[in-house]
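Below you'll find the structure, written out as structure tokens, and then a few comments.
Computed from the coordinates by the stated procedures, all read-outs in this text should not be read as laboratory data. All figures in this text were calculated on a predicted structure; none of them were measured in a lab. Counting neighbours? That spans all protein chains shown, and the Cβs are built from the backbone with ideal geometry, glycine included.
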Amino acid sequence: RIIIFYIGALIVIMSIYPWNSINPAKSPFVEVFAAVGIVAAASIINFVVLTSAASACNSGIFSTSRMVYSLAKENNAPKSMKKLTSHKVPSNALIFSAFVILISVILSYIMPEGVFVLITSISTFCFIFIWAIIVICHLKYRKANPELAAKSKFKMPFYPISSYIILIFIVFVLVVLALNKETRVALFVTPVWFIILGIIYKIIKSKRNS
């Protein structure tokens, strides 16, 4: 899918429109459609982008509200998030998820030019952290349970070299993020978010123990 939708799209664009003639301030898809004579190119692309964004937002709200509801059932989130409507919809978790998205709307008014890079950079940092933890856990699992790993029918190819290559690549991505002044902010903001989560975890854990 990555090859078809990303690399394939780039091949088509550069086959029609020279890469050194594309204006970075405009959508390359709009430029290509305009070049082949489609006058309403901008409107078509805007419709597709808005539809895709609405779909992504809808799926994000759905998955986040259910995740918050699951956390509440395990006592890792406020009990109020377990409230269900007559249609079995976690209403409070849904409202909370929508409120978090509203913060991004407010940020778009405060810093319209930098909000996209800020949010995507922070989410990228979080994804990188999750992937790194998965690889590290896999390394520890293989070392601690070699007999179970030997029985597995689906093993990671070229282990452990492939695992270390992934970790090196993750470090490379972090260095690239640090070199860009726009994405560098995420390297400072995201650790603060992790610290806040750690404090909340300690509070919840202390309440359970007491």
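Of note:
- Computed on the Cα atoms alone, the convex hull of the chain gives a volume of 223 cubic angstrom per residue.
- What the phi angles of segment 78-87 give under the Karplus curve with 6.51, -1.76 and 1.60, with θ = phi - 60°, is a coupling list of x, 4, 4, 6, 8, 5, 10, 7, 5, 9 Hz, glycine and proline written as x.
- Full extension of the chain between Lys83 and Ala25 yields a length gain of 16.3 nm, computed as 0.36 nm times the residue separation minus the alpha carbon distance.
- If R0 is 22 Å, the Cβ-Cβ spacing of Lys73 and Asn209 corresponds to a FRET efficiency of close to 0.65.
- Of Ser121, Ser70, Ser27, the one that fluctuates the most in a GNM where the chain has Cα springs shorter than 10 Å: Ser27
- The GNM of the chain, with springs linking C-alpha atoms under 10 angstrom apart, assigns the highest mean-square fluctuation among Pro78, Pro157, Pro90 to Pro157.
- Highest-fluctuation residue, Met111, Met81, Met14 considered, GNM on the chain with Cα pairs under 10 Å: Met14
- Helix 91-110 vs. the chain, principal-axis angle (Cα, 0 to 90°, nearest 10): 50 degrees
- Within straight-line cross-link reach of Lys88, lysines at Cα separation under 27 Å, skipping those fewer than 8 residues along the same chain: Lys73, Lys79
- Average Cα contact separation per residue, the chain, under 8 Å, 6 or more apart, as relative contact order %: 12 percent
- Environment charge at Leu10 (Cβ cut-off 15 Å; Lys +1, Arg +1, Asp -1, Glu -1): 0
- Here is the list for segment 94-194: trypsin sites (Lys or Arg not before Pro) lying in DSSP coil, each with at most 15 other C-beta atoms within 10 angstrom of its C-beta, are Lys153, Lys155, Lys181.
- Taking chymotrypsin sites (Phe, Trp or Tyr not before Pro) in DSSP loop states with no more than 14 other Cβ atoms inside 10 Å as exposed sites, the chain has its longest site-free stretch at 1-153.
- Working value for segment 112-210: equivalent-ellipsoid semi-axes of 31, 24, 9 Å, each the square root of 5 times a Cα gyration tensor eigenvalue, largest first.
- With R₀ fixed at 35 Å, the C-beta to C-beta distance from Ala40 to Cys126 puts the FRET efficiency at about 0.35.
- Placing dummy labels 7 Å off each Cα toward the beta-carbon, the span from Ile3 to Tyr201 is 3.9 nm.
- Sparsely packed GluC sites (Glu not before Pro) within segment 109-210, loop by DSSP, other Cβ within 10 Å at most 16: Glu113, Glu182
- Computed label-point distance, nm, for sites Ile170 and Glu147 using a 7 Å Cα→Cβ extension: 2.9 nm
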